[in-house]
Amino acid sequence: AKVQTLDEVERDPHVIQRQMVTTIKDPETGREDKAVGIALKFSDTPGTLRSLAPEPGQHNRQILLELGYTEGQVEEMREKGVIT
């Protein structure tokens, strides 16, 4: 079978019918982006997309704190440009 480009995949009738490319809006920022839809379609428990993928570095602080770094260490990493 032919390998499709991303544009071709998005216009593919099967992909459209199965809602495999969808648009999701971030309620906090209003930003809209395309996302891959839920592959498994269950009538009693349909899946939903709840949020966009995180921005690069969005959860750095939270993850580093959970790993045991202190606020000071995290801030020092930010100041040195190690993280954003």
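Numbers at a glance
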read-out: Test: residue in the stretch 58-79 that is under 15 Å from the mean Cα position of the chain (by Cα) and at negative phi; value: yes
read-out: Residue count, the stretch 51-70 (criterion: farther than 19 Å from LYS34 by Cβ and not hydroxyl-bearing (Ser, Thr, Tyr)); value: 11
read-out: Some residue of the stretch 6-17 being surrounded by 10 or more Cβ atoms within 10 Å (Cβ to Cβ), in a loop (DSSP other than H, G, I, E, B), out of contact with any His (no Cβ under 7 Å at 6 or more places or on another chain) and of a type outside the set (Ser, Thr, Tyr); value: yes
read-out: Qualifying residue in the stretch 63-76 (condition: modelled with pLDDT of 95 or more, in contact with a helix residue (DSSP H, G or I) (Cβ under 8 Å, 6 or more places away or on another chain) and of a type in the set (Asp, Glu)); value: yes
read-out: The stretch 26-43 residues that are outside any loop (DSSP other than H, G, I, E, B), paired with ones that are open to solvent by 80 Å² or more (accessible area, probe 1.4 Å) (beta carbon under 7 Å, 6 or more apart); value: GLU32/THR23; GLU32/LYS25; LYS34/THR23
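The values are calculated or read from the model by the stated rules, or taken from the named source; none is laboratory data. The structure displayed is predicted, hence computed values, not measured ones. For neighbour counting, all protein chains shown are included, and Cβ atoms are generated from backbone atoms with ideal geometry for every residue, glycine included. Ligands, DNA and RNA are stripped out before the accessible areas are found, and what is left, the full protein with its side chains, is counted by its heavy atoms. Shrake-Rupley method; radii C 1.70, N 1.55, O 1.52, S 1.80 Å.
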